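The values are calculated or read from the model by the stated rules, or taken from the named source; none is laboratory data. Note that the structure is a prediction, hence the values are computed from the model and not measured. A quick note on method: Cβ atoms are made from the backbone with ideal geometry, for glycine too, and the neighbour counts reach across all protein chains shown.
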Amino acid sequence: MTEAAATANDARTPAATANARDLFSKFDPLIAEREALLATGVRDPFAIVMDEVKSPTQAVIKGKDTILLGTYNYMGMTFDPDVVAAGKKALDEFGAGTTGSRVLNGTYQGHREVEDALRDFYGMAGAMVFSTGYQANLGTISTLAGKGDYVILDADSHASIYDGCFLGDADIVRFRHNSVEDLDKRLGRLPADALKLVVLEGVYSMLGDIAPLPAMVAAIRKHPNCMILVDEAHGMGFFGPNGRGVYEEQGVEADVDFIVGTFSKSVGTVGGFCVSNHPKFEVLRLVCRPYVFTASLPPSVVATAATSIRKLMHAGEKRAHLWKNSKRLHQGLTDLGFTLGTQTPQSAIIAVILNDQAQAVAMWQALLELGLYVNMARPPATPAGTFLLRCSLCADHSDEQVEQIIAMFAAAGKATGATP
Ligand code: PMP
């Protein structure tokens, strides 16, 4: 540590020195809970460092070769040679960053190209790229639905969807997770002339279950003045004949107004987007604050994204292998006696439900020591107070790796008492 860093670490802010209570005091229970957990000698599940990343499925963590099973890198595009080459070329030709907003100096030809790639991928007329998927939801929802409007959303919606509602100041109406009946009932209670945005997700990332979109669309269409937005963050690349998402697989393409997605999962880089056929879609570029008041993505990122998206249009073999992997792991973990988020494999996310925090952390650490990285998830991010180990498969996991993963779960389950 440098001398300056050491001094900085010892320093206390004036408030911390002077007051027993300050704006951090509300976090005291969380700090105490974390300290108690770490005092038991476990590794911190939220402070993992990848020292080296060898491929979409392998990294070195604390000197140990580790299989990655918690990255959402569904299609393994992070190391695709064409994708990497496109990024290097753009870095050389256009520099490291744009240093500007999309509406000022931050739109390069690469930003246009990635929006063209999205239009082709989705077969839609309008495409807007944001700096992250979080900002895509934040921007789209808050700009579309303002004061006096309603956003109707699934109770298990992603944080970025909730935050979009708060930023826009719309009234939020939540319905029970994936319940068509509850959605219908709650829409029925709203004023007929009010404008409404219904936000759904193709795949729900905590349990890996998918939405019954045709039934939901049918219920929504019974009510006036509703637009439909589907977040396909976890469906893009994998679902549907063209990899567009669950809405394509379930045949409701003509019924949705907006698709929101991310580059941080199947596309293999970072960024977010919204696509739509609405004739006035382009006006959002002028009024959407999370689009206007932030810097655009670096040229290397948009070049990698455009290349990846175009390759994902022809990734049928990868999709088939990812399904095979997902089904095999689901079966393997079921056979071992684990409780999973879904009874049948519905997506490339397989959630292992554990009894409590202690058991989840013990399993997570046992797996890491065996050489397997999975995501740990806990309330409030998870539904109904559950502690989960979330596994997300990659099309690049080999059959052999999937068998190794199952064997590691068997060993960790025995060692921790999580399985019979
Ligand atoms: N929507 C959903 C459903 C997500 O799961 C996520 C990220 N986990 C996002 C949006 C945000 O995507 P990004 O990582 O690009 O910010």
Using beta carbons and a limit of 6 Å, which pairs, at least six apart or on different chains, have the first residue in the stretch 129-151 and in the same structural domain as Tyr291 (by TED's automatic domain parsing) and closer than 20 Å to Val270 by Cα and the second one within 9 Å of the ligand (Cβ to nearest atom) and part of a helix (DSSP H, G or I)? Phe130/Ala136; Tyr134/Ser160; Asn137/Ser160; Asn137/Ile161; Leu138/Ser160
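His223 - would you say it is modelled with pLDDT of 95 or more, within 16 Å of the ligand (Cβ to nearest atom), at negative phi and surrounded by fewer than 20 Cβ atoms within 10 Å (Cβ to Cβ)?
It is false that His223 is modelled with pLDDT of 95 or more, within 16 Å of the ligand (Cβ to nearest atom), at negative phi and surrounded by fewer than 20 Cβ atoms within 10 Å (Cβ to Cβ).
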Considering only the stretch 180-207, how many residues are within 16 Å of the ligand (Cβ to nearest atom), without any contact (Cβ under 8 Å) to a residue 60 or more places away in the chain and over 17 Å from Phe258 (Cα atoms)? 1
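Which one of these is closer than 24 Å to Pro45 by Cα and in a loop (DSSP other than H, G, I, E, B): Pro345, Pro379, Pro420?
None of the other options fit; the residue is Pro379.
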Which one of these does Val275 not meet: (1) under 23 Å from the mean Cα position of the chain (by Cα); (2) in contact (Cβ under 8 Å) with a residue 40 or more places away in the chain; (3) away from the ligand (no atom under 14 Å from the Cβ); (4) assigned to a loop (DSSP other than H, G, I, E, B)? (4)
Taking the conditions exactly as written (without any contact (Cβ under 8 Å) to a residue 60 or more places away in the chain, at negative phi and of a type outside the set (A, V, I, L, M)), does Gly126 satisfy them or not? no
Sole miss for Gly87 among (1) touching an Asp or Glu at 6+ places or on another chain (Cβ under 9 Å); (2) away from the ligand (no atom under 16 Å from the Cβ) is condition (1)
Name every residue in the stretch 246-292 that is out of contact with any strand residue (DSSP E or B) (no Cβ under 7 Å at 6 or more places or on another chain), small (Gly, Ala, Ser) and buried (at least 24 other Cβ atoms within 10 Å of the Cβ), in order of residue number. Ser266, Gly268
Filter the stretch 256-272 down to the residues that are more than 9 Å from the ligand (Cβ to nearest atom) and not in a loop (DSSP other than H, G, I, E, B) and list them by number. Phe258, Ile259
Meets criteria (surrounded by fewer than 22 Cβ atoms within 10 Å (Cβ to Cβ), away from the ligand (no atom under 12 Å from the Cβ), closer than 19 Å to Thr140 by Cβ and outside the structural domain of Gly385 (by TED's automatic domain parsing)) for Asn242: no
Scan the stretch 384-420 for residues that are in contact with a Lys or Arg (Cβ under 7 Å, 6 or more places away or on another chain) and either among the acidic types (Asp, Glu) or surrounded by fewer than 22 Cβ atoms within 10 Å (Cβ to Cβ) (or both) and jot them down. Phe387, Val402
Any helices (runs of 4 or more DSSP H) falling wholly within the stretch 108-179 and containing at least 2 residues that are within 16 Å of the ligand (Cβ to nearest atom) and closer than 15 Å to Ile309 by Cβ: 109-122, 133-144
